[in-house]
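J.: Attaching a single structure in structure tokens format; questions to follow.
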Amino acid sequence: MTDLRANGDAGQAFPIYITVVGGLLFLALAYFAVGQAAATRSEAQTAADAAALAAALETRDRLADQWVAKVLEPESWQDIFEGKAPVPSACWRAHELAARNDASVDCEPDGLLSYTVVAETNDTVGDTIVPGTEDQKATETATAVIEARCSFKPPAEEAPDESPEEADEEVLPTLSCEGEDWELSPDHLSDLPKPEDLFDVHLAD
């Protein structure tokens, strides 16, 4: 009688055991699917961030080149710092960086001093227990901003009693770049600020 009861209890417990194991396996697969989706989104965000920063850095460098070319024309500095200098779009750099991150992007200049990039992964989430994920790609957006780090006092008008020779001897305006001052002289232009001194590039919050 005892053996029959024990065998009966074991027989009843076995379906419960199978159900519990099946449920745990389903949960494990579900967590795996969520993890795959999160990883794919992370890849898309990384691609978007890198692409937006690459475009902004390229524009920063071109603006810095413009400033160096116009260093003896301080009346043009403000336009350069405001992004109004004639520099081409750098979205080609965004596409280049996205390709390195196995993604494709849509890139648009967002005003004069920023780029917004929408990146889509080339790879899909893959086969999971969640229907439709096998063809699902991740899409993320990033915006990179270029900000001038420097300020200066615009050149003063020539005084009425000042001779042209005296005006030629004047130094250029002092360039103040977040705590560092650059005393610029037309005769000593070997040590000029670098692009990273003139402009800051960062992702928008």
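The values are calculated or read from the model by the stated rules, or taken from the named source; none is laboratory data. Quick caveat, the model's predicted, so the values are computed rather than measured. Cβ: placed from backbone, ideal geometry, glycine included. Neighbour counts: every protein chain shown.
J.: For residues in the stretch 174-190 being in a loop (DSSP other than H, G, I, E, B) and not small (Gly, Ala, Ser), which is nearest to the chain's Cα centre (by Cα)? So that I can check it myself, show each step before the final result.
T.: Taking the stretch 174-190 and keeping what is in a loop (DSSP other than H, G, I, E, B), we get 174, 178-179, 183-184, 186-187, 189-190.
Narrowing the set further to residues that are not small (Gly, Ala, Ser) leaves 174, 178, 183-184, 186-187, 189.
Working: Thr174: 31, Glu178: 22, Glu183: 32, Leu184: 32, Pro186: 36, Asp187: 38, Leu189: 32 Å.
Only one residue tops the list, namely Glu178.
J.: May I ask you to verify whether Ala138 is at pLDDT below 90, of a type outside the set (Lys, Arg) and out of contact with any helix residue (DSSP H, G or I) (no Cβ under 7 Å at 6 or more places or on another chain)?
T.: Values: at pLDDT below 90: yes; of a type outside the set (Lys, Arg): yes; out of contact with any helix residue (DSSP H, G or I) (no Cβ under 7 Å at 6 or more places or on another chain): no.
When the stated conditions are applied, Ala138 does not pass them.
J.: In addition: Considering only the stretch 191-205, how many residues are within 16 Å of Ile80 (Cα to Cα) and assigned to a strand (DSSP E or B)? Let's see the steps before the verdict.
T.: To start, the set of residues in the stretch 191-205 that are within 16 Å of Ile80 (Cα to Cα) comprises 192-201.
Checking which are assigned to a strand (DSSP E or B) leaves us with 199-201.
Summing the residues that are within 16 Å of Ile80 (Cα to Cα) and assigned to a strand (DSSP E or B) in the stretch 191-205 gives 3.
J.: Which one is nearest to Gln66 (Cα to Cα) among residues in the stretch 87-112 that are among the polar types (S, T, N, Q) and outside any strand (DSSP E or B)?
T.: Narrowing the stretch 87-112 to residues among the polar types (S, T, N, Q): 89, 101, 104.
In the following step, the residues that additionally are outside any strand (DSSP E or B) were identified as 89, 101.
Details: Ser89: 15, Asn101: 31 Å.
Only one residue fits best here, namely Ser89.
J.: Filter the stretch 80-111 down to residues that are surrounded by 14 or more Cβ atoms within 10 Å (Cβ to Cβ) and more than 21 Å from the chain's Cα centre (by Cα) and give me whichever is farthest from Ser185 (Cα to Cα).
T.: Lys84
J.: Where residues in the stretch 50-79 are polar (S, T, N, Q) and farther than 13 Å from Ala144 by Cβ, which of them is surrounded by the most Cβ atoms within 10 Å (Cβ to Cβ)?
T.: Applying the first criterion (polar (S, T, N, Q)) to the stretch 50-79 yields 59, 66, 76, 78.
Right, trim to farther than 13 Å from Ala144 by Cβ and you get 66, 76, 78.
Numbers: Gln66: 18, Ser76: 16, Gln78: 13.
Checked the stretch 50-79; the qualifying residue surrounded by the most Cβ atoms within 10 Å (Cβ to Cβ) is Gln66.
J.: Taking the stretch 66-92, which residues are touching a residue at least 40 places away in the same chain (Cβ under 8 Å) and within 23 Å of Ala51 (Cβ to Cβ)? Outline the logic, then answer.
T.: Our first condition is that a residue be touching a residue at least 40 places away in the same chain (Cβ under 8 Å); within the stretch 66-92, this holds for 67-68, 71-72, 74-75, 77-78, 81-83.
Residue satisfying the conditions is Gly83 alone.
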